[in-house]
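Shown next, in structure tokens, is the structure this report addresses.
The values are calculated or read from the model by the stated rules, or taken from the named source; none is laboratory data. Everything numeric in this text was worked out from a predicted model, so none of it was measured. Counting neighbours? That spans all protein chains shown, and the Cβs are built from the backbone with ideal geometry, glycine included.
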Amino acid sequence: MNPVPDIASADEESPQPVLLIVDDDPSMIQVLGKTLRSLGRLRFATHGADALRLMRESPPDIVLLDAQMPGMSGFDVLDAIKHTPHLADLPVIMVTSHSEEDFEQAGLERGAADFIAKPIRPAIVQARVRTQLRLKQANDKLKQMAATDRLNLAAALRDLRQSHAQLQTNAAALRVANEGLLQFVRIASHDLREPLNTIVQFVGLVEEDHGQHLPEDAHLYLNLALRAGQRMRTLLDDVVRYARLQNGETDPPEPVALDRVLAELRDALAARLSDTGAVLRVDSLPVVMGHASLLSLLFQNLLSNALKFMPPGRTPEVSVSAYVANGQAIITVSDNGIGIAEEHLALLFQPFQRLHLRSEYEGAGLGLALSRQIAEAHGGSIQVCTQPGQGSRFSVRLPLAGAESAS
């Protein structure tokens, strides 16, 4: 018999794919080698055991395997390949002189990628080997991508776990800080309110008992001191309410009739309405789930702002209306005031953010921040639509009580 040629000995370092030809007939190895030498580096084996040793030492990219070999048959080699984890995906083309369907079916079921019948036709052999090499290359790329994705996913999961642990640590620290802040606000509010009440009380007594003997500028100074004390008391109350809302301190919600809330607010604002000649129109309002005292504060802030932020000489016109949609009540408070400049909208609901000088409009800058906190504490929201110089419309979304249907 002719000796087995060593076709690929000169190009060991070539990046070309490696093709392993396994056949006990050296002449067939020579024919296949001549046919396939242009497709890559060639390796040869004449026995199944030698082929498996070569594959385990350095896996090729494709195997052309003679089905009928003495001793260890091609099918035995194929079974060994498919049961070796790092070789299981290796494409194997069986070369056989049998053309029966059951013979090919048995090979395909055991993992063969294709069959080539003897005598071979070089063009067909090249086409089938090229196809399997392309599939192998594509499969290798997919596996490499999958491995990279797994590494990226593992890194992302590690980062996520670290971030989660850090968030839990931060959340615990924030809870402690919030509890300490709330306690400080309560104590500070109590300690500040007592001397403040004394100041306001004695200023009132001075005005009441000695007012007739005081010059006009003294009356002015006392009045300023009294108003400053009242502002300070309101600010303390607002800070405590804000801190409690930030800390989630609310009672279980109950049905609240907004008609009643607005009627009480109209009475509370009667003096201001009379002094300004304001027109306040309130439509029929729904019943919502919430806390009457907090909702009263929310709408008191909106109504007070609507009456306060007016250009000189303009009579305030304020309207409150509502509609129902998707299980929520949308209550709008509209005014004909000065409106809000676009550059101020981002600051509108931030605490202690004043958009105007105190000499122009009084306030501590907490009213709208409180209003937003109250709306969100009820599972709702508050938005504003405004036109500078012509007015604003605040829309408050609140959950409906009961099962009122959307209109």
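For (1) over 21 Å from residue 97 (Cβ atoms); (2) more than 55 Å from the chain's Cα centre (by Cα); (3) free of Cβ contacts under 8 Å to residues at least 40 places away in the same chain, each residue gets a yes or a no:
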site: 35; (1), (2), (3): no, yes, no
site: 39; (1), (2), (3): yes, no, no
site: 42; (1), (2), (3): yes, no, yes
site: 53; (1), (2), (3): yes, no, yes
site: 63; (1), (2), (3): no, no, no
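Assess whether residue 115 counts as being over 48 Å from the mean Cα position of the chain (by Cα), at pLDDT below 80, surrounded by 11 or more Cβ atoms within 10 Å (Cβ to Cβ) and not assigned by TED's automatic domain parsing to the domain that holds residue 229. Give the derivation first.
Working: over 48 Å from the mean Cα position of the chain (by Cα): yes; at pLDDT below 80: no; surrounded by 11 or more Cβ atoms within 10 Å (Cβ to Cβ): yes; not assigned by TED's automatic domain parsing to the domain that holds residue 229: yes.
Here the answer is no, as residue 115 does not meet what is asked.
I need a count of the residues in the stretch 310-345 that are assigned to a loop (DSSP other than H, G, I, E, B) and either β-branched (Val, Ile, Thr) or in contact with a Pro (Cβ under 9 Å, 6 or more places away or on another chain) (or both). So that I can check it myself, show each step before the final result.
Of all residues in the stretch 310-345, those assigned to a loop (DSSP other than H, G, I, E, B) come to 310-316, 326-327, 335-341.
Cutting the leftovers down to either β-branched (Val, Ile, Thr) or in contact with a Pro (Cβ under 9 Å, 6 or more places away or on another chain) (or both) gives us 310, 315, 327, 335-341.
Number satisfying all stated conditions: 10.
With 77, 95 as the choices, which residue is within 21 Å of residue 45 (Cβ to Cβ), crowded, with 21+ Cβ neighbours inside 10 Å and touching a Gly at 6+ places or on another chain (Cβ under 6 Å)? Spell out the reasoning first.
On the way: 95 fails: touching a Gly at 6+ places or on another chain (Cβ under 6 Å).
Result: 77 is the single residue among 77, 95 that is within 21 Å of residue 45 (Cβ to Cβ), crowded, with 21+ Cβ neighbours inside 10 Å and touching a Gly at 6+ places or on another chain (Cβ under 6 Å).
Among the candidates 89, 61, which residue alone is of a type in the set (Asp, Glu), in the same structural domain as residue 22 (by TED's automatic domain parsing) and modelled with pLDDT of 90 or more? Give the steps one after another, and end with the answer.
Values: 89 fails: modelled with pLDDT of 90 or more.
Exactly one residue qualifies, and that residue is 61.
For the stretch 233-244, check the following and say yes or no: at least one residue is at pLDDT 65 or above, aromatic (Phe, Trp, Tyr) and surrounded by 12 or more Cβ atoms within 10 Å (Cβ to Cβ).
Scanning the stretch 233-244, I find no residue that is at pLDDT 65 or above, aromatic (Phe, Trp, Tyr) and surrounded by 12 or more Cβ atoms within 10 Å (Cβ to Cβ), so the answer is no.
With (1) modelled with pLDDT of 85 or more; (2) surrounded by fewer than 18 Cβ atoms within 10 Å (Cβ to Cβ) as the list, and residue 338 as the residue in question, which single condition is left unmet?
Here residue 338 meets the rest and fails (2).
Is there a residue in the stretch 285-296 that is modelled with pLDDT of 85 or more, exposed (fewer than 14 other Cβ atoms within 10 Å of the Cβ) and of a type in the set (Ser, Thr, Tyr)? Step through it out loud before you land on a result.
Of all residues in the stretch 285-296, those modelled with pLDDT of 85 or more come to 285-290, 295-296.
From what is left, the residues that are exposed (fewer than 14 other Cβ atoms within 10 Å of the Cβ) are none.
Checking the stretch 285-296: not a single residue is modelled with pLDDT of 85 or more, exposed (fewer than 14 other Cβ atoms within 10 Å of the Cβ) and of a type in the set (Ser, Thr, Tyr).
Quick check: is even one residue across the stretch 254-269 part of a strand (DSSP E or B), at pLDDT below 90 and surrounded by fewer than 19 Cβ atoms within 10 Å (Cβ to Cβ)?
Start the filter on the stretch 254-269 by keeping residues that are part of a strand (DSSP E or B), which leaves 254-257.
From the residues that got through so far, the ones that are at pLDDT below 90 too are 254.
So of that shortlist, the ones also surrounded by fewer than 19 Cβ atoms within 10 Å (Cβ to Cβ) come out as 254.
Yes: one or more hits.
Taking the conditions exactly as written (assigned to a strand (DSSP E or B) and not hydrophobic (A, V, I, L, M, F, W, C)), does residue 43 satisfy them or not?
Numbers: assigned to a strand (DSSP E or B): yes; not hydrophobic (A, V, I, L, M, F, W, C): yes.
Yes; evaluated as a whole, the condition is true for this residue.
Keeping to the stretch 371-395, report how many residues are closer than 16 Å to residue 286 by Cα and either in a helix (DSSP H, G or I) or not assigned by TED's automatic domain parsing to the domain that holds residue 339 (or both).
Step one: filter the stretch 371-395 for residues closer than 16 Å to residue 286 by Cα, giving 375, 378, 380, 395.
Going one step further and asking which of them are either in a helix (DSSP H, G or I) or not assigned by TED's automatic domain parsing to the domain that holds residue 339 (or both), we end up with 375.
Residues flagged as closer than 16 Å to residue 286 by Cα and either in a helix (DSSP H, G or I) or not assigned by TED's automatic domain parsing to the domain that holds residue 339 (or both) within the stretch 371-395 amount to 1.
Answer with yes or no whether residue 136 is outside the structural domain of residue 113 (by TED's automatic domain parsing), in contact (Cβ under 8 Å) with a residue 12 or more places away in the chain, within 30 Å of residue 91 (Cα to Cα) and not small (Gly, Ala, Ser). Working first, answer last.
On the way: outside the structural domain of residue 113 (by TED's automatic domain parsing): yes; in contact (Cβ under 8 Å) with a residue 12 or more places away in the chain: yes; within 30 Å of residue 91 (Cα to Cα): yes; not small (Gly, Ala, Ser): yes.
For residue 136, the condition - outside the structural domain of residue 113 (by TED's automatic domain parsing), in contact (Cβ under 8 Å) with a residue 12 or more places away in the chain, within 30 Å of residue 91 (Cα to Cα) and not small (Gly, Ala, Ser) - is met.
Could you list, ordered by first residue, the pairs with Cβ atoms under 6 Å in which the first is in the stretch 300-314 and farther than 10 Å from residue 367 by Cβ and the second is buried (at least 20 other Cβ atoms within 10 Å of the Cβ) and not hydrophobic (A, V, I, L, M, F, W, C), at least 6 apart or interchain?
Close Cβ pairs satisfying both conditions: 306/335; 307/316; 309/337; 310/316; 310/337.
May I ask you to say which residue of 194, 208 is within 17 Å of residue 226 (Cα to Cα), exposed (fewer than 11 other Cβ atoms within 10 Å of the Cβ) and modelled with pLDDT under 80?
On the way: 208 fails: modelled with pLDDT under 80.
None of the other options fit; the residue is 194.
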